[in-house]
Every structure is written in C-alpha cells, then in structure tokens.
1. Can you give the net charge of the other residues whose Cβ lies under 13 Å from the Cβ of Met200, counting K and R as +1 and D and E as -1?
2. Taking Rh as the Kirkwood radius computed over C-alpha pairs, what is the Stokes-Einstein D of the chain at 10 °C in a medium of viscosity 1.306 mPa s, expressed in µm² per second?
3. If N is the number of residues in the stretch 65-212, what value comes out of its Cα radius of gyration divided by 2.2 N^0.38 Å?
4. Order these by the 10 Å Cβ neighbour count, fewest first: Thr226, Thr25, Thr107.
5. Where does each of Met200, Met175 land when they are ranked from fewest to most other beta-carbon atoms within 10 angstrom?
6. Return one number: the angle in degrees, 0 to 90 and rounded to the nearest 10, between the long axis of the Cα atoms of helix 119-128 and the longest principal axis of the Cα atoms of the chain.
7. Of His158, His34, His18, which is the most mobile in a GNM of the chain whose springs link Cα atoms less than 10 angstrom apart?
8. Taking the Cα centre of the stretch 114-247 as the origin, how large is its charge dipole in debye, to the nearest 20, when only Lys and Arg (+1) and Asp and Glu (-1) carry charge on their Cβ atoms?
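None of the figures in this text is laboratory data; all of them are computed from the coordinates on show. Fair warning: this is a prediction, and the values are worked out from it, not measured in the lab. Here Cβ is always computed from backbone atoms with ideal geometry, including for glycine, and neighbour counts include all displayed protein chains.
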Amino acid sequence: MSYFFREQTASDLQPAQHQLLDLHTALHPRVRNHNIDLHPRWQKSTIVSNQSAAALEHDNTPVLTYFRSLEQAQQVEKLMGRDNVAVSTEVETHRHPVIELRLTPETFAVELVLSPYAWWDQQNFVGKLELPHHRSAFRGLVRELDSDTCFGFWSGTHLSDMHLTTAQLLKGRVMDEWMATFADGQDWLRIGKWFNTAEMEPNALVAEAFEAIKSLSPIYNFILWTSNNNFHSFYEKRERTLRRSYN
C-alpha cells in the first residue's frame, strides 16, 4: 500500500478512498461470517466518507465506518428526539457508537469511537457502569485487548498525547479513576489500534484490520443501547443522586 499526499485535496485523497473501499470489500464478508453485527453506511457512494465520529468538522480524512443497522439507528435517533429520520440519508453516524477505520499519510487507525453526540448510548454506558459486576465485566473486556491499544477522551482524527495504553490503564486503580472523569454528553470515548503506515505490510492489512475490529466488537456491544441492553434507569438514578448531593 502506498500513502503519499502532496496536498489534502479531493484528487489527492482518491487513492486512499479507493484503498479503504477495497479494504471494505475484503473485510465485510469476514465480519458477516463471524456474526459481528456491524454495518457500513447504507449508501454505496458514502461507504467511504470524510465524516469521522471523532471530529466536529470534516477534515478530508478518509473514513470507513461500521455501526448499528439502519433500523436500529433510526429507532435510537427517534428516542433521542430527532424527527424525520425515516430514510438513511437522515441518519447521522456520529450520533451512534462506531468502529471506524481512518487513513492519514502517517497512520492507519481502527478505533471504537463514542462521540458526545451519541449521548443516548453514552448514558446507557455510564448507567451500566453503575453496577459493580458490569464495571468488572468492562475491565475484563479491556484486559482482552492488545497492550498497546490506545484509550482516551480526546477529539480529532489524530492520536492525542493525552491517551493511555491498555497496559497503563489496567495498573492499580487507574482505569476506575479515569472513568470517573468521563463526562457523558461532553467527552469522546476512544479505544483503538494505531498503525504506522510506513511500517505496515500491505498483505497483512486485511488481517490486522479484522483482528482489531473483532477485538473491539465486544466493547462496542457492551456500550451499545438495545432493548436488551438498556441501562437508562440506572443512569437516571445516578443523576438524581448527584443532583441531591449538590443541593
């Protein structure tokens, strides 16, 4: 694979967009065959886009996004109070947990992103962590990740210096202390693998990307609101308790 960019213009980005589309063609059958419930953007022309859930503004970074089904996305956006989400073009990926693959001149990232605009799922996640056995389960899922997986609360398509690796996160009470600072509706949650494109073997790309998706999908499912994974009542109880403590 070759990633050379002189200017960040549409014509310069076309090779990277084509490479991500080729990657999707190779990856998606593996995702389906392993019963991983992740779906690309539904319009074929936008399977690869520059709309990253990790950034407030589009910045020409090519993105391949996987997330919940169209029907589930429409249901969640209606629960969030959004009207007129009857067609796929009105569903906004940054309002949902996603696993996205991003390509820049220097890095290739496979990352679970939960933006503050996905507040319905953020609240579900925070409510679920109110229960000790689910906090323990989440820690167990993080422990299954590669030790160099990056974790943090920053925004943008770059890798922030303000991140921890899972090896650092799992030391002592670091993870509990970090999660205690997570502010739903304000912070991004980021968990993913970052690869140096100069060091990547082209033939290993599909396998590396698939393994990263497969390792992130249990955490994605842990966070994802569904009717069978609904912890909003615990979130609301937590908020009532917090309000009383500040009064």
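1. -3
2. Stokes-Einstein gives a translational diffusion coefficient of 85 µm²/s.
3. Scaled against compact globular proteins, the figure is 1.11.
4. By the 10 Å Cβ count, ascending, the order reads Thr25, Thr226, Thr107.
5. Met200, Met175
6. Relative to the chain, helix 119-128 is tipped by roughly 50 degrees.
7. Highest fluctuation of the listed residues: His34.
8. That gives a dipole near 740 debye.
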